[in-house]
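Have a look at the structure below before the remarks.
What follows is calculated from the coordinates using simple rules that are stated; it is not laboratory data. Just so it is clear, the structure is predicted and the values come from calculations on it, not from any experiment. Ideal geometry is used to build each Cβ from the backbone, glycine not excepted, and the neighbour counts take in all protein chains shown.
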Amino acid sequence: MWYEPLQPVHRAWFESGREERVLVPAGRFWAVPVETTVSRVGQQPRRVKHWYAREVGLVKWATGTETEFVLKQFTLGKNPAP
């Protein structure tokens, strides 16, 4: 877990999990989940979860409610990372 003070009234925590299979319209990917929690004075903490796939980047983003963004299309470049 990593903690980052943003401002005196904001705090953010980042925690990564084990790689897992994620199915999105662009395909099926092995991706690492990263959960971000942002705490603001006087408000409930907000949680957002992102999934990152190797050689692709962000493939899914979810807020824990009904809000969700997913990768719809992806084409691997000519020179992928080693």
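Observations on the structure shown:
- Prolate/oblate/rounded call for the range 11-51, Cα gyration tensor, a/c under 1.5 rounded: prolate
- Relative exposure of 60, 72, 49, judged by other C-beta atoms within 10 Å (fewest first): 72, 49, 60
- Our coupling estimate for the range 26-33, obtained by passing each phi through the Karplus curve with A = 6.51, B = -1.76, C = 1.60 and θ = phi - 60°, is 6, x, 10, 10, 7, 9, 8, x Hz, Gly and Pro reported as x.
- Rounded to the nearest 20, the size of the Cβ-charge dipole of the range 2-70 about its Cα centre is 60 debye, with Lys and Arg at +1 and Asp and Glu at -1.
- Local electrostatic count, residue 77, Cβ distance below 14 Å [Lys/Arg +1, Asp/Glu -1]: +1
- If R0 equals 25 Å, the separation of the Cβ atoms of residue 41 and residue 65 corresponds to a calculated FRET efficiency of about 0.70.
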